[in-house]
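**Student:** Before I ask anything, here is the structure I am working with.
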Amino acid sequence: MIKSKEFSIPFHGLKLGKHEFRYKITSAFFESFGYQEFNDANVEVRAVLNKTANMMELELVANGTVNVNCDLTNEPFDQTLNSTLALVIKFGEVYNDEDDELLILPHGEHQVNIAQYIYEMLVLGVPQKRVHPGVEDGTLKSAVLEKLHELEPKEKNVEQKTNDPRWDGLKKLLTDK
């Protein structure tokens, strides 16, 4: 996990109310977590921290693209990414991040590192099945797609109309009633 000061929000000196922070996420961010599913990343994350007297609300909004390989053709393409995450930050005796929507910080903490939350939001925001847009609309030309079309079954939805004479005799019994 990245422990950079860049992703730490020092809330101790902030006034009550909303405060906005912006982050530029690149592939180096994901490499610091050891995640190598993305070829490249260009994501803008906006964090809005609403500080009240006894708790804080953090809203993360991400917009951008990540370059991934298509699951069918292995061709790289830019997958758009739009994701949000809401987090409530409260204070307690011990640190607790077991709940996805609630973070408990020990009394006396003066900053919160949001890198892990940004990472999880972005990774989970990408669809599980990644299909190149050219595959869906038929404009992508690749050797893999040509091979898939070549190996495709030649007869589609052709039912064989051969009847077994034994079944014909049984069907007569049902229709003779």
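The values are calculated or read from the model by the stated rules, or taken from the named source; none is laboratory data. Bear in mind the structure is a predicted one, so any value in this text is a computation, not a measurement. Glycine gets a Cβ as well: all are built from the backbone with ideal geometry, and neighbour counts include every protein chain shown.
**Student:** Among 83, 32, 27, 8, which is the only one that is in contact with a Gly (Cβ under 8 Å, 6 or more places away or on another chain) and among the hydroxyl-bearing types (Ser, Thr, Tyr)?
**Tutor:** Working: 32 fails: in contact with a Gly (Cβ under 8 Å, 6 or more places away or on another chain); 27 fails: in contact with a Gly (Cβ under 8 Å, 6 or more places away or on another chain); 8 fails: in contact with a Gly (Cβ under 8 Å, 6 or more places away or on another chain).
Criteria check complete, one pass: 83.
**Student:** Any idea which residue in the stretch 129-152 is farthest from residue 74 (Cα to Cα), counting only those that are part of a helix (DSSP H, G or I) and touching a residue at least 60 places away in the same chain (Cβ under 8 Å)?
**Tutor:** Among them, the one singled out is 148.
**Student:** Still on this structure, I have one more. Which one of these does residue 134 not meet: (1) more than 21 Å from the chain's Cα centre (by Cα); (2) modelled with pLDDT of 75 or more; (3) not hydrophobic (A, V, I, L, M, F, W, C)?
**Tutor:** Answer for residue 134: the failing condition is (1).
**Student:** Also, quick follow-up: Kindly evaluate residue 44 against the criterion of being touching a strand residue (DSSP E or B) at 6+ places or on another chain (Cβ under 9 Å) and either at pLDDT 95 or above or among the acidic types (Asp, Glu) (or both). Spell out how you get there, then give the answer.
**Tutor:** Details: touching a strand residue (DSSP E or B) at 6+ places or on another chain (Cβ under 9 Å): yes; either at pLDDT 95 or above or among the acidic types (Asp, Glu) (or both): yes.
So residue 44 fits the description; yes.
**Student:** Another one. Given (1) closer than 28 Å to residue 139 by Cβ; (2) more than 17 Å from the chain's Cα centre (by Cα), identify the lone condition not met by residue 53.
**Tutor:** So residue 53 meets the others, but not (1).
**Student:** Then there is this: Taking the condition surrounded by fewer than 15 Cβ atoms within 10 Å (Cβ to Cβ), among the charged types (D, E, K, R), closer than 17 Å to residue 87 by Cβ and in contact (Cβ under 8 Å) with a residue 12 or more places away in the chain, does residue 6 pass? Walk me through how you get there before you give the answer.
**Tutor:** Details: surrounded by fewer than 15 Cβ atoms within 10 Å (Cβ to Cβ): yes; among the charged types (D, E, K, R): yes; closer than 17 Å to residue 87 by Cβ: no; in contact (Cβ under 8 Å) with a residue 12 or more places away in the chain: yes.
For residue 6, the condition - surrounded by fewer than 15 Cβ atoms within 10 Å (Cβ to Cβ), among the charged types (D, E, K, R), closer than 17 Å to residue 87 by Cβ and in contact (Cβ under 8 Å) with a residue 12 or more places away in the chain - is not met.
**Student:** Next up: Criterion first (buried (at least 16 other Cβ atoms within 10 Å of the Cβ), over 14 Å from the mean Cα position of the chain (by Cα) and either touching a residue at least 40 places away in the same chain (Cβ under 8 Å) or in a strand (DSSP E or B) (or both)) does residue 105 satisfy it? Walk me through it before giving the result.
**Tutor:** On the way: buried (at least 16 other Cβ atoms within 10 Å of the Cβ): yes; over 14 Å from the mean Cα position of the chain (by Cα): yes; either touching a residue at least 40 places away in the same chain (Cβ under 8 Å) or in a strand (DSSP E or B) (or both): yes.
Spelling it out, residue 105 is indeed buried (at least 16 other Cβ atoms within 10 Å of the Cβ), over 14 Å from the mean Cα position of the chain (by Cα) and either touching a residue at least 40 places away in the same chain (Cβ under 8 Å) or in a strand (DSSP E or B) (or both).
**Student:** Under the condition of being surrounded by 11 or more Cβ atoms within 10 Å (Cβ to Cβ) and among the hydrophobic types (A, V, I, L, M, F, W, C), which residue from the stretch 87-102 is nearest to the chain's Cα centre (by Cα)?
**Tutor:** Here the residue is 87.
**Student:** Keeping to the stretch 31-59, report how many residues are acidic (Asp, Glu), surrounded by 13 or more Cβ atoms within 10 Å (Cβ to Cβ) and within 22 Å of residue 70 (Cα to Cα).
**Tutor:** Matching residues across the stretch 31-59 total 2.
**Student:** Next up: Could you check residue 94 against (1) in contact (Cβ under 8 Å) with a residue 24 or more places away in the chain; (2) outside any strand (DSSP E or B); (3) of a type in the set (A, V, I, L, M) and say which number it fails?
**Tutor:** Going through (1) in contact (Cβ under 8 Å) with a residue 24 or more places away in the chain; (2) outside any strand (DSSP E or B); (3) of a type in the set (A, V, I, L, M) one by one, residue 94 breaks only (1).
**Student:** Look through the stretch 60-74, keep the residues that are exposed (fewer than 15 other Cβ atoms within 10 Å of the Cβ) and more than 30 Å from residue 13 (Cβ to Cβ), and return whichever of them is modelled with the highest pLDDT.
**Tutor:** Here the residue is 67.
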